[in-house]
Amino acid sequence: MADGAMPALSAWSNFYVVTGSSAAALTGLMFVVITLVVANRSTATREGIATFSTPTVAHFSAALLVSAIMSAPWRALSHVAAVVGIVGAVGLTYSAMIAYRARRQTAYDPDLEDLVWYVVMPLIAYLVIGGAALGLARYPAVAPFVLAAGSVLLIFLGIHNAWDVVTYLAIEKVEPPDDAAPPSGA
């Protein structure tokens, strides 16, 4: 299907400019979040950052990468599908590593909501991206919508997870630890 990729993907150019720009800007904002994490070193650990903050940057970066791939001037949809499929496979592998880290880390005891947002939803997003890649050459009218859904899911996951980290740090910094001594004069 030489030269068939461009007409099929050209209708998506504005979408990927918007999602790619959003993912890039939000990746930059994660540097602010990491700065907050580092400033709150008493509760932040390397394993906590690797489990809860770094994946957020990775998800934004994956959405940015998908946007760049989908905006490139490809000659065949099968080539696009192969590269996007690699992104999906790497994302699935990375998400499995995060699931392992979330269970193993000791900085924080993740609850069900954390497991859904930091483990289950990213796995779903990368499965959707991988599935769309598999169907891109065969179903060029439907697969781009599926791929778009996976990319947008990664962006919304990143937004939620960045907010979650910031609010956790804000609450952690305000609330005294359980073993803190009562204030003098109490």
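The values are calculated or read from the model by the stated rules, or taken from the named source; none is laboratory data. Being a predicted model, the structure only gives us computed values, none of them experimental. All Cβ positions, glycine included, derive from the backbone under ideal geometry; neighbour counts span all protein chains shown. Heavy atoms of the whole protein, side chains included, go into the accessibility calculation; ligands, DNA and RNA do not. Shrake-Rupley method; radii C 1.70, N 1.55, O 1.52, S 1.80 Å.
Of the residues Ile171, Ile159, Ile124, Ile98, the single one that is at pLDDT 90 or above, assigned to a helix (DSSP H, G or I) and among the β-branched types (Val, Ile, Thr) is Ile124. Of all residues in region 7-55, which are open to solvent by less than 40 Å² (accessible area, probe 1.4 Å), of a type in the set (Gly, Ala, Ser) and modelled with pLDDT under 75? Residues satisfying the conditions are Ala8, Ala44, Gly48, Ala50, Ser53. Which one is least open to solvent (accessible area, probe 1.4 Å) among residues in region 77-132 that are among the polar types (S, T, N, Q) and closer than 13 Å to Ala62 by Cβ? Looking at the filtered set, the residue picked out is Ser95. Here Tyr100 meets each of (1) free of Cβ contacts under 8 Å to residues at least 24 places away in the same chain; (2) aromatic (Phe, Trp, Tyr); (3) within 21 Å of Ser22 (Cβ to Cβ) with one exception, condition (3).
Between Ala186, Ala180, the distinction of being modelled with pLDDT under 75, open to solvent by 70 Å² or more (accessible area, probe 1.4 Å) and more than 20 Å from the chain's Cα centre (by Cα) belongs to Ala186 only. Does region 56-66 contain any residue that is open to solvent by 40 Å² or more (accessible area, probe 1.4 Å), closer than 19 Å to Ser10 by Cα and of a type outside the set (Val, Ile, Thr)? Checked region 56-66: at least one residue is open to solvent by 40 Å² or more (accessible area, probe 1.4 Å), closer than 19 Å to Ser10 by Cα and of a type outside the set (Val, Ile, Thr). When Val152, Val165, Val146 are checked against the criterion of being part of a helix (DSSP H, G or I), under 30 Å from Val80 (Cα atoms) and either open to solvent by 50 Å² or more (accessible area, probe 1.4 Å) or modelled with pLDDT under 90 (or both), Val146 stands alone in meeting it.
Of the residues making up region 111-133, those that are free of Cβ contacts under 8 Å to residues at least 12 places away in the same chain and not hydrophobic (A, V, I, L, M, F, W, C) are Asp111, Glu113.
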